[in-house]
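The values are calculated or read from the model by the stated rules, or taken from the named source; none is laboratory data. Since the structure is predicted, the reported quantities are computational estimates derived from the model, not experimental observations. Here the Cβ positions follow ideal geometry from the backbone for every residue, glycine too, while neighbour counts run over all protein chains shown.
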Amino acid sequence: MPKIPTREEAFELLKKYNSSESLIKHALAVEGVMRFCARKKGADQEQWGIIGLIHDLDYEQYPEQHCKKTAEILKENDWPDEYIRAVVSHGWGICSDIEPQSEMEKTLFAIDELTGLVTTTALVRPSKSVLDLKPKSVKKKWKDKRFAAGVDRLIIEKGAEMLGVQVADLIIDTIMGMQDVAEEIGLKGNIK
């Protein structure tokens, strides 16, 4: 019988398969945004946060099998099917054919790439902080396709559309969620 994993168990599992500081910070950023969005929607913050934290579990060791290997690992660890499905759905159209259905799955799909754009935007600012980052700065960088070129803006747009929200609103939520974990993700910066 699958048991609900704790945040501590999820983090231990993440660290077992990932040693890259940038991947761990990305996982913590996505967790922060997922928790923020869950609070805003009156959903289960713990569940959403854990899904966000573990979403790229296999990426460092098995990039060619991304999402597929995560599903195997989570099954081996008796994770609930609902959690596994949510994690795998974030790779929809890229490395998974599981389409995001629930609000939680659509949110993860939409904000995963966006955390990368927000991070990169914060790091080029004099403060190197997400705490004083304005949405308009991210929107300005959004338009420059060479900036954070690895961030797939079409995925973010598709995610926003699935959620029925504007990309601008998604940017605000992502910044606010990342502000909650600024220190853990190395984006507290040097704000006086």
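Out of the stretch 86-139, which residues are among the hydroxyl-bearing types (S, T, Y), in a helix (DSSP H, G or I) and touching a helix residue (DSSP H, G or I) at 6+ places or on another chain (Cβ under 6 Å)?
Let us first name the residues in the stretch 86-139 that are among the hydroxyl-bearing types (S, T, Y), namely 89, 96, 102, 107, 115, 119-121, 127, 129, 137.
Keeping just the survivors that are in a helix (DSSP H, G or I) gives 89, 107, 115, 119-121, 137.
Result: S89, T107, T115, T121, S137.
Among the conditions (1) within 18 Å of A27 (Cα to Cα); (2) exposed (fewer than 14 other Cβ atoms within 10 Å of the Cβ); (3) not polar (S, T, N, Q), V118 misses just one, which is (2). Among the conditions (1) loosely packed, with under 14 Cβ neighbours inside 10 Å; (2) over 18 Å from the mean Cα position of the chain (by Cα); (3) farther than 23 Å from E82 by Cβ, R125 misses just one, which is (1). Scanning the stretch 119-126 turns up no residue that is in contact with a strand residue (DSSP E or B) (Cβ under 8 Å, 6 or more places away or on another chain) and touching a residue at least 40 places away in the same chain (Cβ under 8 Å).
Taking the stretch 2-19, which residues are in a helix (DSSP H, G or I) and at pLDDT below 95? Outline the logic, then answer.
Taking the stretch 2-19 first, the residues in a helix (DSSP H, G or I) are 7-17.
The answer is none; no residue qualifies.
Tell me, which residue of the stretch 63-85 that is part of a loop (DSSP other than H, G, I, E, B) and more than 18 Å from the chain's Cα centre (by Cα) is nearest to E161 (Cα to Cα)? Among those that are part of a loop (DSSP other than H, G, I, E, B) and more than 18 Å from the chain's Cα centre (by Cα), it is P80. Taken over the stretch 89-107, residues that are touching a Lys or Arg at 6+ places or on another chain (Cβ under 8 Å) and closer than 13 Å to K68 by Cβ amount to 3.
Checking the structure you have, find out if any residue of the stretch 46-58 is in a helix (DSSP H, G or I), more than 19 Å from S102 (Cβ to Cβ) and within 10 Å of the chain's Cα centre (by Cα). Can you show your working first?
Taking the stretch 46-58 as the starting set, the residues that turn out to be in a helix (DSSP H, G or I) are 46-54.
Among the residues that remain, those that are also more than 19 Å from S102 (Cβ to Cβ) are: none.
No, the stretch 46-58 contains no residue that is in a helix (DSSP H, G or I), more than 19 Å from S102 (Cβ to Cβ) and within 10 Å of the chain's Cα centre (by Cα).
Of all residues in the stretch 7-43, those being surrounded by 18 or more Cβ atoms within 10 Å (Cβ to Cβ), touching a residue at least 24 places away in the same chain (Cβ under 8 Å) and of a type outside the set (F, W, Y) number 16. Whether any residue in the stretch 20-40 is part of a loop (DSSP other than H, G, I, E, B) and touching an Asp or Glu at 6+ places or on another chain (Cβ under 7 Å) is what I want to check. Scanning the stretch 20-40 turns up at least one residue that is part of a loop (DSSP other than H, G, I, E, B) and touching an Asp or Glu at 6+ places or on another chain (Cβ under 7 Å).
A search for C-beta distances below 8 Å between a residue of the stretch 53-75 that is on the phi > 0 side of the Ramachandran plot and any residue that is of a type in the set (D, E), counting only pairs 6+ apart in sequence or on different chains, returns C67/D58. Inside the stretch 50-84, can you point out the residues that are within 15 Å of K15 (Cβ to Cβ) and of a type in the set (D, E)? Selection gives D56, D58, E60. D58 passes every criterion in (1) at pLDDT 90 or above; (2) buried (at least 19 other Cβ atoms within 10 Å of the Cβ); (3) over 21 Å from T6 (Cα atoms) apart from (3).
When the test is whether a residue is surrounded by 14 or more Cβ atoms within 10 Å (Cβ to Cβ), under 27 Å from Q45 (Cβ atoms), more than 16 Å from the chain's Cα centre (by Cα) and polar (S, T, N, Q), S96 passes it.
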